[in-house]
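Undergrad: Got a structure for you, questions after.
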């Protein structure tokens with residue numbers, strides 16, 4: 001059984017996702033919440049295998065929540081579920097440690113398949129063009145470019161901190177801030 005925690009700010013979408021997951025053998029919704037704060041609390045309580053999270057939340061966003069979830073001792077696999085799963089979102093999701101991004105317009109069967117794939121250790125992020133990476137890097141302060149490169153290549157936070165000469169908490173804050181700055185493009189704000 002794959003235990004899934006659903007995070008979406010729209011009650012009808014949450015209820016629909018829970019009903020869909022319940023209808024699929026082997027997938028078990030273990031909770032459904034509407035914001036990041038409640039999600040953090042539920043992550044500790046229900047310990048899901050997969051966190052299915054909307055990008056746009058009232059108190060944060062799915063990428064920031066992913067970053068927090070991935071800092072847990074036993075982090076869940078994370079699938080960001082967005083109405084606008086554009087390549088720019090894939091860049092932020094990759095930096096945050098997400099395992100997949102799926103557009104909300106995808107059929108239910110694709111969602112089920114991706115939840116299983118992610119739970120099994122797979123990663124499914126959209127192709128990220130070198131041009132998009134260059135645009136993202138151009139928006140950063142020069143001192144954050146190495147941080148971006150290491151986070152993008154999924155170097156563990158402790159190693160990034162050692163290279164940067166910072167403690168882990170400072171490095172986590174810097175990466176979280178970097179992700180926030182990358183959200184400046186309109187397509188990343190809508191979801």
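Undergrad: Tell me, please, whether a residue that is out of contact with any strand residue (DSSP E or B) (no Cβ under 9 Å at 6 or more places or on another chain) and either buried (at least 23 other Cβ atoms within 10 Å of the Cβ) or outside the structural domain of residue 145 (by TED's automatic domain parsing) (or both) can be found in the range 75-84.
TA: No, the range 75-84 contains no residue that is out of contact with any strand residue (DSSP E or B) (no Cβ under 9 Å at 6 or more places or on another chain) and either buried (at least 23 other Cβ atoms within 10 Å of the Cβ) or outside the structural domain of residue 145 (by TED's automatic domain parsing) (or both).
Undergrad: Considering only residues that are farther than 23 Å from residue 88 by Cβ and in a loop (DSSP other than H, G, I, E, B), look in the range 36-61 and name the one that is modelled with the lowest pLDDT.
TA: Out of the qualifying residues, it is 47.
Undergrad: For residue 53, state whether it is surrounded by 24 or more Cβ atoms within 10 Å (Cβ to Cβ), in the same structural domain as residue 27 (by TED's automatic domain parsing) and within 8 Å of the chain's Cα centre (by Cα).
TA: Criteria met by residue 53.
Undergrad: Quickly run through the range 9-28 and pick out the residues that are touching a strand residue (DSSP E or B) at 6+ places or on another chain (Cβ under 8 Å), within 16 Å of residue 108 (Cα to Cα) and not in a helix (DSSP H, G or I).
TA: Matches in the range 9-28: 26, 27, 28.
Undergrad: Going by the conditions given, is residue 91 in contact (Cβ under 8 Å) with a residue 60 or more places away in the chain, under 13 Å from the mean Cα position of the chain (by Cα) and within 15 Å of residue 123 (Cβ to Cβ)?
TA: So residue 91 passes the test.
Undergrad: Within the range 112-130, is even one residue part of a helix (DSSP H, G or I), under 21 Å from residue 175 (Cα atoms) and more than 13 Å from the chain's Cα centre (by Cα)?
TA: There is at least one residue in the range 112-130 that is part of a helix (DSSP H, G or I), under 21 Å from residue 175 (Cα atoms) and more than 13 Å from the chain's Cα centre (by Cα).
Undergrad: Right, here's the next one. Do you know which residues across the range 56-66 are more than 13 Å from the chain's Cα centre (by Cα) and without any contact (Cβ under 8 Å) to a residue 40 or more places away in the chain? Walk me through it before giving the result.
TA: Narrowing the range 56-66 to residues more than 13 Å from the chain's Cα centre (by Cα): 58-59.
Passing the criteria: only 59.
Undergrad: Just to be sure, is residue 39 more than 11 Å from the chain's Cα centre (by Cα), more than 22 Å from residue 135 (Cβ to Cβ), surrounded by 24 or more Cβ atoms within 10 Å (Cβ to Cβ) and assigned by TED's automatic domain parsing to the domain that holds residue 14?
TA: The answer is yes for residue 39.
For every residue, the table says whether it meets (1) crowded, with 18+ Cβ neighbours inside 10 Å; (2) under 18 Å from the mean Cα position of the chain (by Cα); (3) at pLDDT 90 or above; (4) farther than 27 Å from residue 82 by Cα.
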{"residue": "151", "(1), (2), (3), (4)": "yes, yes, yes, no"}
{"residue": "159", "(1), (2), (3), (4)": "no, no, yes, yes"}
{"residue": "166", "(1), (2), (3), (4)": "no, no, yes, yes"}
{"residue": "169", "(1), (2), (3), (4)": "no, no, yes, yes"}
{"residue": "176", "(1), (2), (3), (4)": "no, yes, no, no"}
{"residue": "179", "(1), (2), (3), (4)": "yes, yes, no, no"}
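Undergrad: Given the residues 72, 79, which is the only one that is under 20 Å from residue 3 (Cα atoms) and assigned to a strand (DSSP E or B)?
TA: Going through 72, 79 in turn, just one is under 20 Å from residue 3 (Cα atoms) and assigned to a strand (DSSP E or B): 79.
The values are calculated or read from the model by the stated rules, or taken from the named source; none is laboratory data. Values in this document were obtained by computation on a predicted structure and should not be read as measured data. All Cβ positions, glycine included, derive from the backbone under ideal geometry; neighbour counts span all protein chains shown.
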